[in-house]
Structure formats: C-alpha cells, structure tokens
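Below: one structure, written as structure tokens.
The values are calculated or read from the model by the stated rules, or taken from the named source; none is laboratory data. What you see is a predicted model; the values in this text were computed from it and never measured. Because the Cβ atoms are built from the backbone with ideal geometry, glycine has one as well, and the counts that use them run over all protein chains shown.
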Amino acid sequence: MLVIKLLIAASAMLCSAGEVPELEEVYRSGDDGSVLPSLEQLRHQYRNTEFEVEPRPDLTGLSGMWKRSENPVNGDLETYLRCQGSATDAKTRQKWALQAAQALKALHAIDIIHQDVTPRNYLLNENLDLRICDFAHSSFPGHSSTTGASGSRYQLCAWNKGYIPTASDDIFSLGSVLYFIMCGEEPYSDLYEDEVEHRFASSDFPASDHLDCGTVIQSCWNRTFTTAEEVIQALPHDKDVT
Ligand SMILES: *[C@@H]1O[C@H](CO)[C@@H](O)[C@H](O)[C@H]1NC(C)=O
C-alpha cells in the first residue's frame with residue numbers, strides 16, 4: 001500500500017538573516033524511506049514526477065509553524081540574539097520560551113520529530129513571534145536517523161547510525177534553545193564540541209540557576225521533562241509575566 005505522508009522541507013538551511021528559506025509542501029510517497037528527505041533530495045529522486053500535494057494535514061496552519069505568507073523580517077533567533085541580545089527584555093524572552101515549546105508540541109501532536117531544534121531554526125516575524133522552520137531532518141516516530149542532527153550542544157549524546165530519535169530528543173534540544181534564549185550563549189559555548197559531548201553524556205550540564213526558567217532548562221536536560229506539554233506547563237505564561 002502506498003503511504004502518503006506530508007512533510008514540509010525548508011528549501012535550504014537558513015544561513016543568515018538575509019536568506020529566507022521558503023517552506024514548501026511536498027509529499028513523500030512510499031513506505032520504505034525512514035527519514036524525510038530534504039526537498040533537494042526529493043527533486044533529484046522525482047525529477048520527472050509530478051508531486052501530489054494535498055492541503056492536509058496543513059502544517060502551516062499549526063501554531064508555531066513558519067507560514068509562507070509571513071516575512072521573517074527579524075531573521076533567525078540565533079542571529080537576532082547575537083546582534084540584539086542586550087536590547088531584548090525578559091518579557092520577550094519568556095514569550096519566545098513559550099512559543100519555542102508550543103511549536104514542538106504542535107509538531108509532536110502530528111507525529112513529526114524535528115531533530116534539529118536549534119536557535120537557528122526558529123525565525124522571527126515582524127511582531128517578534130517565534131516560528132519553527134527547517135524540516136529537512138525531520139522524521140516520523142520509530143524511524144532511525146540517517147542524518148547528523150543538531151550538534152553536541154543540543155543532544156544528550158551522539159546518535160549512532162540506526163539510532164531512533166524520539167520526541168524527547170527534541171525536548172532535550174529545547175532545553176539548550178531555552179538556555180540560549182535566556183542568556184544569549186549556547187551551552188558551554190567556551191568549550192570544544194567533543195568536550196561538550198563528553199560532559200552531556202555524563203549528565204554534566206551548565207548551571208542555569210541564575211537564569212529565568214533555569215529549572216525548566218535543567219528538567220529538559222535531565223529527562224524530567226520528556227514532552228513539550230510539560231515544558232509549557234512549567235514555563236511562566238503571559239499573565240504571570242510582569
Ligand atoms: C532535574 O532537574 C530539576 C530542576 O533542577 C530537578 O528538580 C530534578 O530533581 C532533576 N532530576 C534529576 C533526575 O536529576
């Protein structure tokens with residue numbers, strides 16, 4: 001039986017604020033492939049084939065997803081915070097923390113694991129609302145990963161070939177994204193990747209007590225939280241933020 005599944009692939013990694021990845025809706029057909037291929041791979045594979053595109057499920061309608069009609073005037077989160085971090089207030093950071101988690105909740109709810117949850121893959125629109133993008137590495141649950149993922153600062157350990165990522169791996173990465181949102185630095189930004197990998201593997205995470213959401217961050221890293229909903233519940237909501 002032909003299984004048709006939806007994927008949204010970003011046409012390219014977002015390299016700088018100036019390069020806007022246009023999300024395109026394509027379908028993967030067949031039930032043999034495990035990891036959603038990138039749009040480039042699909043184009044190559046189906047050079048002479050018309051894609052069948054259906055509007056459901058419409059990822060772009062989900063909260064927290066990048067929408068084609070939106071303009072990422074404020075670029076990606078990483079670049080934005082590196083350039084404007086000092087001008088970013090606590091309330092905005094709280095909003096982003098919540099939106100970062102809500103986007104993952106929406107994705108996981110339709111059984112998509114992002115696998116590359118980093119500040120680079122969140123875009124900011126004109127209202128400074130955070131949207132997740134770049135589904136090039138995404139997979140459906142239960143399928144092994146064939147691509148390198150987000151990097152040692154966003155993973156508990158290196159993924160071996162055949163490793164099957166889960167939604168909780170996205171939540172671990174979310175911990176590192178929240179850390180970046182709160183302090184403008186990646187975890188252990190002063191250490192080499194190898195050293196970070198080693199420390200994370202032995203559950204040695206950077207201190208975050210001094211940061212807003214510090215305990216939420218630790219809870220993502222130490223596996224107390226394994227779902228986006230738990231993170232959302234633990235984060236301060238708009239009404240709590242003064
Ligand atoms: C994980 O971190 C949270 C927040 O700091 C803490 O309350 C919890 O005890 C930790 N759990 C483990 C298993 O270390």
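Looking across the stretch 190-242 at every residue that is β-branched (Val, Ile, Thr) and more than 11 Å from the ligand (Cβ to nearest atom), the one that is farthest from Lys95 (Cα to Cα) is identified as Val196.
Tyr179 meets the stated requirement of being modelled with pLDDT of 90 or more, out of contact with any Cys (no Cβ under 7 Å at 6 or more places or on another chain), within 16 Å of the ligand (Cβ to nearest atom) and among the aromatic types (Phe, Trp, Tyr). The set of residues in the stretch 167-183 that are touching a residue at least 60 places away in the same chain (Cβ under 8 Å), touching a Phe, Trp or Tyr at 6+ places or on another chain (Cβ under 9 Å) and more than 16 Å from Lys95 (Cα to Cα) contains only Ile171. Screening the stretch 184-242 for helices (runs of 4 or more DSSP H) wholly inside it with 1 or more residues that are in contact (Cβ under 8 Å) with a residue 60 or more places away in the chain and touching a His at 6+ places or on another chain (Cβ under 7 Å) returns the ranges 228-234.
Taking each residue of the stretch 73-100 that is touching a residue at least 24 places away in the same chain (Cβ under 8 Å) and acidic (Asp, Glu) and looking for partners that are surrounded by 14 or more Cβ atoms within 10 Å (Cβ to Cβ) and in a helix (DSSP H, G or I) with beta-carbon atoms closer than 6 Å, six or more apart or interchain, yields Asp76/Arg120; Glu78/Pro119; Glu78/Arg120.
Give me the residue from the stretch 114-129 that is assigned to a strand (DSSP E or B) and more than 16 Å from Gly175 (Cβ to Cβ) and, out of that set, farthest from the chain's Cα centre (by Cα).
Residues of the stretch 114-129 that are assigned to a strand (DSSP E or B), as a first pass: 122-124.
Checking which are more than 16 Å from Gly175 (Cβ to Cβ) leaves us with 123-124.
Values: Leu123: 10, Leu124: 13 Å.
In this case the residue turns out to be Leu124.
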